[in-house]
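Chemist: Sharing a structure here in structure tokens format.
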Amino acid sequence: MLQDTSVFESRLKENELILWEGIPKQGRHVRDMDMIVVPISIIAIGFGGFFHFAIFYYQEYFFLPLGMFIVFAGIYMGIIRFFMDAARRRKLKYCVTNKRVLMFRDEKKFLTLPLKDIELLDYTEEKDGSGYILFGTTNPMWPWLFGKFFFTRENIPGFEMIPEVQNVYLVIRNAVGNYVDPVVLEKVLPDKLDLN
């Protein structure tokens, strides 16, 4: 189900053009990394159950919170995160312009990243052609393990679960490569005009 991405048009700056806009894949998805994470969650749930048995058998109730944490972590990694991730991605909209990368979650959560601030650009592609585009040095494990990017402050850390991720990556890479800061243009163009 496509969502309306026209929310970006009213937020464009002067001489800013939309190069690409879209939304992440919708619904619950099992990703390549889940082949490792789901078995680990099953092991964590099993270990947590055994740990609880030992706690009650030896009556060492001091360790009960630790046992509950292990079981909850296993349930979260194996089940809950799929539903939370799908619910969060329903609200996301992405846009690439000739000046910025934009992300819209809701009226209170509109993030922008100027092309000049993208120091590192990388992408990870899944078997179906979808994937992640990372801006900067974000650890690529976070989106897989937790369903979203962590430890990135208010910057846009990347795009998640983008269909045809390689094409979107090339659009961004070309935009970053062709971007010239207007301040630089103001300084350079008069000099060129004088030389001619």
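The values are calculated or read from the model by the stated rules, or taken from the named source; none is laboratory data. Computed from a predicted structure; not experimentally measured. Virtual Cβ from ideal backbone geometry, glycine too; neighbours counted across all protein chains shown. Side chains included, ligands, DNA and RNA excluded: accessible areas come from the protein's heavy atoms. Shrake-Rupley method; radii C 1.70, N 1.55, O 1.52, S 1.80 Å.
Chemist: Among the helices (runs of 4 or more DSSP H) confined wholly to the stretch 88-196, which include 3 or more residues that are modelled with pLDDT of 80 or more?
Modeler: Ranges flagged: 165-178.
Chemist: Please go through the stretch 1-54 and give me each residue that is in contact with a Gly (Cβ under 7 Å, 6 or more places away or on another chain), assigned to a helix (DSSP H, G or I) and open to solvent by less than 100 Å² (accessible area, probe 1.4 Å), ordered by number.
Modeler: Val38, Ser41, Ala44, Ile45, Gly48, Phe51, His52
Chemist: Regarding Gly74, is this residue in contact with a His (Cβ under 7 Å, 6 or more places away or on another chain), crowded, with 20+ Cβ neighbours inside 10 Å and not aliphatic (A, V, I, L, M)?
Modeler: no
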